[in-house]
Each structure stands twice: as C-alpha cells, then as structure tokens.
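Here it is, the structure, as structure tokens.
What follows draws every value from the coordinates through simple rules; no lab data is involved. Remember, it's a predicted structure, so these values are computed and weren't measured experimentally. Please note: Cβ atoms are built from the backbone with ideal geometry, for glycine as well, and neighbour counts cover all protein chains shown.
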Amino acid sequence: MTEDRSFDTDVIIIGGGPAGSTLGCYLAMNGYQAVILERDIHPREHVGESLVPSANKMLEEIGFFDKMDYHGFIRKPGASWTSYKGTTAGPELLIRFKDSPQPGINQDYTYHVDRSRFDSLLLKHASEQGVKVVQGANVLRVNFDENERAAGVTVRVVDTEFDLRSRYVIDASGRRGLLGKQLGLTWSEGGRGRSPSTRGSPRWAWWWRRPSSTRPGRTTRHSSTS
Ligand SMILES: Cc1cc2nc3c(=O)[nH]c(=O)nc-3n(C[C@H](O)[C@H](O)[C@H](O)COP(=O)(O)OP(=O)(O)OC[C@H]3O[C@@H](n4cnc5c(N)ncnc54)[C@H](O)[C@@H]3O)c2cc1C
C-alpha cells in the first residue's frame, strides 16, 4: 500500500509475541506493509502456555491453526484448577470446553503450547505471509510528529540506533508496555514486587504465584486435563 516515500512502511509493530505476529498476518493478508521489530531472538522463553478456545478463531483466520497438530502441540479439551501440588483442599474447578460452546469457535478443544516454540513458529508464519520481521531490534521509543501523531520509532540493532517512519505504530510489547511507560501511563498495583512470578517445579512442571493484597501468599497451579 505504501507509495508515499516519506514512510518506510505502513505499520510498525513493536514486539513479535502472539499479538504482534497475529496482527502482522492480518495486515499482510489485507495488503498492508508491516514490519515487526522484536527485541529478542526467537525462540525465547515466555509464560502463558495454556491457550483458550477463543484464540482458535484467530489462529484459523491467519492460517496457523492447521499447523498446530503438525508441530505436535498438545490438544487440550478443558482445564482444571486445583491447589498447589494438585491437592484438592477445596473444590476443584473443572471446565470442559465441549460443555460451553462459543459462537464462532469450531472446536471443543484448544492447545497447550511450549510458548518458546509457539511464538517462534507464529513469528515465522507472519514472515511467510509477507511481514518483514527483524529480530534483535530493540525499540527505544515511539516518535510523534508535530500533530502529536505516532509517526515511527527509534530502534537499536546491535550498537546502531536509527529511526523508521510509518503511517501507524502498534505497541505489542506485552508486559513491557513500551508506549505506556514512555507516556507515563503505567502504574504498579501494590508497588514493587507485586507482579506475578514464575517458579520451576520438577514434579509439577511449573507453577506461578499471583501476589494478592487480600490473600497474601496464595498460590495457584494451572493444569490442563487431557
Ligand atoms: C505468570 C503468567 C502466566 C500466564 N499464563 C497464561 C496462560 O496460561 N494462558 C494464556 O493465554 N496467557 C497467559 N499469560 C498471559 C500471556 O503470557 C500474555 O497474554 C501473552 O504473552 C501476551 O502476548 P503478547 O504478544 O501481547 O506479548 P508478549 O508475548 O509478551 O510479546 C511481547 C514481545 O515484545 C517484545 N518486546 C518488548 N519490548 C520490546 C521493545 N522495546 N522492542 C522490541 N520488542 C519488544 C518482547 O521481547 C516480546 O517478544 C500469563 C502471563 C503471566 C505473567
């Protein structure tokens, strides 16, 4: 779409996680030039491996859903929540997706994914749809024009900093929240140390702790049924 030479691309997407890759696919499928600038080099570790069925629709639309079985991701027909170590001190919450069909979702399952592989494959898929993907590209800031409209970014690749101009800038930097921080729009709920933290566990694969001001120290293990 870009014909105006003052732009390097139609859309700059900051971050090559699932949001950035998926949006890049939609843009490329609709004829827009998009560039994904990803700070890390994939595959990189990430939490968030338990997908929900509502994501199926987007993965289908961008032509990735059919690749999930091929790449060996585990089908997940539901989810259960128990207390830490799998004990059921309280009632276990069990959800089977087939019992709660959702409009527009064609399957009664979704997937449990290794996020490093999933994100990496999704980013590759975006590249295959025509999105330019640059990894190891750390966006330092979003640049605004005289009308206070986002008009590009300053990015650092290795030791070199340069500007890229675009019609639109999308911040898909996840919890980093690049634009929110730049504009001073972020705040910390409960202050330092209140963000979720991951813990490895050889027996139970992993668990994570969600700090809560009302229930301090409460832990949650999220597991899937299969
Ligand atoms: C403890 C925990 C458990 C979770 N469990 C689940 C779960 O079970 N299921 C689920 O669906 N979700 C889960 N989530 C949420 C899930 O991780 C996020 O919703 C998901 O990763 C968001 O994807 P995203 O693409 O928006 O961001 P991300 O996946 O975080 O991707 C953002 C990308 O932007 C890049 N980036 C950041 N800053 C810059 C920069 N300045 N320049 C260039 N690139 C940059 C990062 O390297 C990263 O690759 C969990 C989250 C946490 C914290």
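If you plug each phi of segment 21-38 into the Karplus form 6.51 cos²θ - 1.76 cosθ + 1.60 with θ = phi - 60°, what whole-Hz ³J(HN,Hα) values come out, in order, with x for Gly and Pro?
Residue by residue, segment 21-38 yields 5, 5, 4, x, 4, 4, 5, 4, 5, 9, x, 9, 7, 10, 10, 9, 9, 10 Hz.
Please sort by residue number the GluC sites (Glu not before Pro) in segment 138-171 whose DSSP state is loop and whose Cβ has at most 14 other Cβ atoms within 10 Å.
Within segment 138-171, the qualifying GluC sites (Glu not before Pro) (loop, at most 14 other Cβ atoms within 10 Å) are Glu146, Glu148.
Right, here's the next one. Using a Förster distance of 30 Å, how high is the FRET efficiency between Asn30 and Gln182, based on the Cβ-Cβ distance and rounded to 0.05? Could you put the intermediate results ahead of the total?
Working: r = 28 Å, r/R0 = 0.94.
According to the calculation, E is roughly 0.60.
Could you list which residues have their amide H under 5 Å from that of Lys76, counting only those 5 or more apart in sequence or on another chain, with H placed in the peptide plane?
The list, which skips near neighbours in sequence, is Thr110, Tyr111, His112.
Taking the simple approach of a point 7 Å from Cα along Cα-to-Cβ for both Arg149 and Lys67, what is their distance in nm?
About 3.4 nm, to one decimal.
If you don't mind, there's one more thing I want to ask. Among the trypsin sites (Lys or Arg not before Pro) in segment 1-68, which ones are in a DSSP loop with at most 16 other Cβ atoms within 10 Å of the Cβ? Mind listing them?
On the way: sites: Arg5, Arg39, Arg44, Lys57, Lys67; in loops: Arg5, Arg39, Arg44.
For trypsin sites (Lys or Arg not before Pro) across segment 1-68 that sit outside H, G, I, E and B with at most 16 neighbouring Cβ atoms in 10 Å, the list reads Arg5, Arg44.
I've got another one for you. Which percent, to the nearest 5, of DSSP beta bridges fully inside segment 1-120 are antiparallel?
Working: 8 of 12 bridges.
In segment 1-120, DSSP labels about 65 percent of beta bridges as antiparallel.
Using 25 Å as the Cα-Cα cut-off, could you pick out the over-long pairs in Lys57/Lys124; Lys67/Lys98; Lys67/Lys181? The partial results should precede the final answer.
On the way: Lys57/Lys124 19 Å; Lys67/Lys98 22 Å; Lys67/Lys181 36 Å.
Beyond 25 Å between Cα atoms: Lys67/Lys181.
Project the alpha carbons of segment 100-190 onto their principal axes and report the range along each, largest first, in whole Å.
Per principal axis, max minus min of the Cα coordinates gives 49, 37, 27 Å.
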